[in-house]
Amino acid sequence: MEVSYAELAATAVKPGQYPTGGLPEFVFAGKSNVGKSSLLNAMAGRKALARTSGSPGKTRVINFFNINNLCMFVDLPGYGYARVSRAESRKWGCMIERYLLNRGQIKAVFLLLDIRHDPTALDRQMLEWLSHYGFDIIAVATKSDKIKRSALPGRLKALRESTGIKDILPFSSENKGGRDELWGIILEKISDSTKLL
Ligand code: GTP
Ligand code: MG
């Protein structure tokens, strides 16, 4: 997928700041430092559209990126960052929950899991919450370049078993592995949603 236009459309902490226009939205969620912003950059074919960092807790607001005027990629702040106060983490939780529960144009939520690790309690909680509210969830195993190719099937199996999700898509922002597959999913969901109109 060739992305000719990619811009930050809005930075929001509350609904009045969300972008208008009604483009379909694809949300990237997951633990802090799992690679959400990097994946979004890789999908957009840009180096630094979304800010990434070696230190967790980089993204603290909801960032909406307009991609080709076709859809929005929504970069959420990560959860589970230990050095954030309880009050602040509750505030983020409310901000994310308010967005997810009041935004009709969300077409899918990509839940990112580090391919090297089993899901944490917070990952499971997020997964349960998303399925409880009926979101279309796609699990993505990030940083696939960090493991040997031979270890891939075993890690995917472990993640399938621990999440109960059948299809887990391996992804690497480093070598762009999984990019075409992820775009395939996104384009299919956009076309499904326009068919329903
Ligand atoms: P928060 O904004 O803190 O929630 O983090 P995030 O999930 O947006 O993570 P981010 O994209 O900032 O990446 C965190 C770190 O992991 C950075 O140092 C990235 O360079 C690195 N990283 C992300 N994706 C990959 C990947 O696919 N492969 C490798 N090798 N490193 C990655
Ligand atoms: Mg980020």
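Take each peptide in 33-43, 105-115, count the other Cβ atoms within 10 Å of every residue, and average; sorted highest first, the result is 33-43, 105-115.
Please find the FRET efficiency linking Tyr5 to Arg60, where r is the Cβ-Cβ separation and R0 is fixed at 22 Å, and quote it to the nearest 0.05. Once rounded, the FRET efficiency stands at 0.30.
With the convex hull of its Cα atoms as the shape, the chain has an orientation-averaged projected area of 10.7 nm². Note on region 145-197: Kirkwood hydrodynamic radius from all Cα pairs is 12.9 Å, rounded to one decimal.
Work through the residues other than Phe28 whose Cβ is under 12 Å from its Cβ and net out their charges, Lys, Arg +1 and Asp, Glu -1. In short, 0. Lys91: which lysines have alpha carbons under 19 Å from its alpha carbon, excluding same-chain residues fewer than 8 sequence positions away? The reachable lysines, counting only those whose Cα sits under 19 Å from Lys91, are Lys14, Lys31, Lys58. Distance from the Cα centre of region 1-77 to that of region 130-178, in angstrom? Each part reduced to its Cα centre gives a spacing of 20 Å.
Here the gap between Arg160 and Lys47, fully extended at 0.36 nm per residue and compared with their Cα-Cα distance, gives a gain of 37.6 nm. In this structure the chain gives 52 Å² per residue of accessible area when probed at 1.4 Å with all protein chains present.
Please name which of Val61, Ala87, Trp129 has its Cα lying farthest along the dipole of the chain towards the positive end, using unit charges on Cβ (Lys, Arg +1; Asp, Glu -1) and the Cα centre as origin. Looking along the dipole axis, the top candidate is Ala87. For the peptides 120-132, 136-148, the ranking by mean Cβ contacts within 10 Å, running from highest to lowest, is 136-148, 120-132. Protection proxy ranking, highest mean first, for peptides 173-180, 9-16: 173-180, 9-16, where packing is the per-residue count of other beta-carbon atoms within 10 Å, averaged. Measuring nothing but how far apart in sequence close Cα pairs (under 8 Å, 6+ apart) lie, relative to its length, region 6-195 scores a relative contact order of 22 percent.
Heavy-atom surface analysis with a 1.4 Å probe gives the chain a carbon and sulfur content of 49 percent of its accessible area.
Ranked by solvent-accessible area (1.4 Å probe, protein heavy atoms only, all chains present), the residues Tyr5, Tyr99 order from largest to smallest as Tyr5, Tyr99.
The values are calculated or read from the model by the stated rules, or taken from the named source; none is laboratory data. Owing to the predicted nature of the structure, the values given are computational and were not obtained by experimental measurement. Every residue, glycine as well, gets a Cβ built from its backbone with ideal geometry; the counts of neighbours run over all protein chains shown. Protein only, heavy atoms only, side chains kept; ligands, DNA and RNA dropped before computing areas. Shrake-Rupley method; radii C 1.70, N 1.55, O 1.52, S 1.80 Å.
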